[in-house]
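Can you read through this structure? Questions will come right after.
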């Protein structure tokens, strides 16, 4: 039953929130308190956050800018961005030694000038797999052929494909079929009826709610998920349970752990 | 129906676009509409420049569920000799309720001469015209602001409200300057605060809910309206009241 007002009826853990400014686009939330207020407005309890600078300029420097957004209350879970460079790997290793990593994010590999191919990414992906750290990969900046070629060499590595759009429609099913440890984040995936169809075909455990705030509002996809054929159990998985499982035991260690 | 409001989706398509997952299967569309509380959807077929082929497909689609779908006429200045006869047929014989135009499929910006016969037709009949608007040079919202005062009995609905921020500002300015300009909300760009901006700057009485179904699901686009920080009265206007008024719906 639809109403003019909406609140989620299951716990919500947003898998995809960007904080901080892009060079040409100041973020609407200027600090942690403002972001938490925005989450409260839509009933989002927790969020995985990464910094905008990691996407556009420097994963290493952008990761440092994530620190002021974190605190001990654990509602905001840091996601560290990476490139397959020595400096980036050294930063990840140090964060891992402090038990502060629950997930890692890659960005547009073609913009970075390095294709997502085994010769370029195997070292980084093998390290993530060895540490049981899941990896987020934005689909808009990825090549589907490279994704399959490179990720299938690391069959135990858990990944989340972020930001699929209707222009990726023909890629989504083959990617989920070929890469059984891959999940689909839903912030932009709007082809009609497809959330129910994918849940039927691949299982609701392969789908993850994310908003990709501040590019997109937090509310619309949450509303959509609450008005599908998903059972209450499936809805709870998509809105939070799957993300908790993906982040796994490292979540408990990493959440709320601020820089020493 | 949402809280007693008959919800009307002002932007929907007939036709298949398999590459993008767009399938005009009535059962799939009605399932999504029912799950979200959408009562009726306006639909058109923009894939055939002759107008007739697509309008006949639209008519057959609507005829399967006439209480749920409302047909709009499509014509193109790529075949100028067919425009007015086809519009007359679509409105008078097929009983379509409004006109859809898609400037990106033509070389002409929407304020240029080839479009004028369509605007004159709409003006003479007092019809609504929904135009795709966006960043393409043919579809800039400021061009709607130029044509609207010349056809005061027609109502111009800007599909996507310009889509991206700079063009959205143009769309709002055109609506502020012209009482016969409206803003339709569907967009894959679900920017935070976009609905609030449209309502606060143009007025809720000028905003129309649309989804672009079946290219996109009507529920995610409906969620933009429901979760916006606006009054319930504004939501009622956007979700149905404004569309009912523009299309002169009584049922």
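The values are calculated or read from the model by the stated rules, or taken from the named source; none is laboratory data. All of these numbers come straight from a predicted model, not from anything done at the bench. Don't worry about glycine lacking a Cβ; one is built from the backbone with ideal geometry, like all the others, and counts go over all protein chains shown.
With the requirement that a residue be within 16 Å of residue A:228 (Cβ to Cβ) and under 20 Å from the mean Cα position of the chain (by Cα), what does the range B:35-44 give you?
B:36, B:37, B:38
Moving on. Please go through the range B:186-206 and pick out each residue that is more than 17 Å from residue B:142 (Cα to Cα) and touching a strand residue (DSSP E or B) at 6+ places or on another chain (Cβ under 8 Å).
Residues satisfying the conditions are B:186, B:192, B:195, B:199.
Can you run down the residue pairs with Cβ atoms below 7 Å, 6 or more apart or on separate chains, where the first is in the range A:1-29 and more than 27 Å from residue A:184 (Cα to Cα) and the partner is assigned to a strand (DSSP E or B) and at pLDDT below 95?
Taking only residues 6 or more apart or on different chains, the pairs are A:3/B:2; A:4/B:2.
Does residue A:75 fit the bill of being within 14 Å of chain B (Cβ to nearest Cβ) and either within 23 Å of residue A:125 (Cβ to Cβ) or at pLDDT 95 or above (or both)?
Answer is no for this residue.
Another question, then. Restricting to the range A:161-208, name every residue that is outside any helix (DSSP H, G or I), within 11 Å of chain B (Cβ to nearest Cβ) and free of Cβ contacts under 8 Å to residues at least 24 places away in the same chain.
Answer for the range A:161-208, where residues must be outside any helix (DSSP H, G or I), within 11 Å of chain B (Cβ to nearest Cβ) and free of Cβ contacts under 8 Å to residues at least 24 places away in the same chain: A:192, A:193.
Here's another thing I want to ask about it. Looking at B:177, B:166, B:171, B:154, can you tell me which residue is over 15 Å from residue A:216 (Cβ atoms) and within 14 Å of another protein chain (Cβ to nearest Cβ)?
So the residue among B:177, B:166, B:171, B:154 that is over 15 Å from residue A:216 (Cβ atoms) and within 14 Å of another protein chain (Cβ to nearest Cβ) is B:166.
Kindly indicate whether any position in the range B:49-69 is surrounded by 16 or more Cβ atoms within 10 Å (Cβ to Cβ) and closer than 18 Å to residue B:185 by Cα.
For the range B:49-69, residues surrounded by 16 or more Cβ atoms within 10 Å (Cβ to Cβ) and closer than 18 Å to residue B:185 by Cα: absent.
Please enumerate the residues belonging to the range B:20-33 that are more than 7 Å from chain A (Cβ to nearest Cβ) and more than 20 Å from the chain's Cα centre (by Cα).
Within the range B:20-33, just B:27 meets the criteria.
Right, here's the next one. If a residue counts only when it is within 24 Å of residue A:213 (Cβ to Cβ) and within 12 Å of another protein chain (Cβ to nearest Cβ), which helices (runs of 4 or more DSSP H) contained entirely in the range B:194-251 have at least 1 such residues?
B:194-202, B:218-226, B:232-236
State which residue is surrounded by the most Cβ atoms within 10 Å (Cβ to Cβ) when the search covers only the range B:229-251 and only residues that are touching a helix residue (DSSP H, G or I) at 6+ places or on another chain (Cβ under 7 Å) and under 17 Å from residue B:175 (Cβ atoms).
Applying the filter and picking the extreme gives B:238.
I need the helices (runs of 4 or more DSSP H) fully contained in the range A:79-153, keeping only those with at least 2 residues that are exposed (fewer than 14 other Cβ atoms within 10 Å of the Cβ) and either on the phi > 0 side of the Ramachandran plot or free of Cβ contacts under 8 Å to residues at least 12 places away in the same chain (or both).
Where helices (runs of 4 or more DSSP H) fall fully within the range A:79-153 and carry at least 2 residues being exposed (fewer than 14 other Cβ atoms within 10 Å of the Cβ) and either on the phi > 0 side of the Ramachandran plot or free of Cβ contacts under 8 Å to residues at least 12 places away in the same chain (or both), they are A:86-97, A:118-131.
Please find, within the range B:34-68, the residue that is farthest from residue B:2 (Cα to Cα) out of those that are within 14 Å of chain A (Cβ to nearest Cβ) and not in a loop (DSSP other than H, G, I, E, B).
By that ranking, first place goes to B:43.
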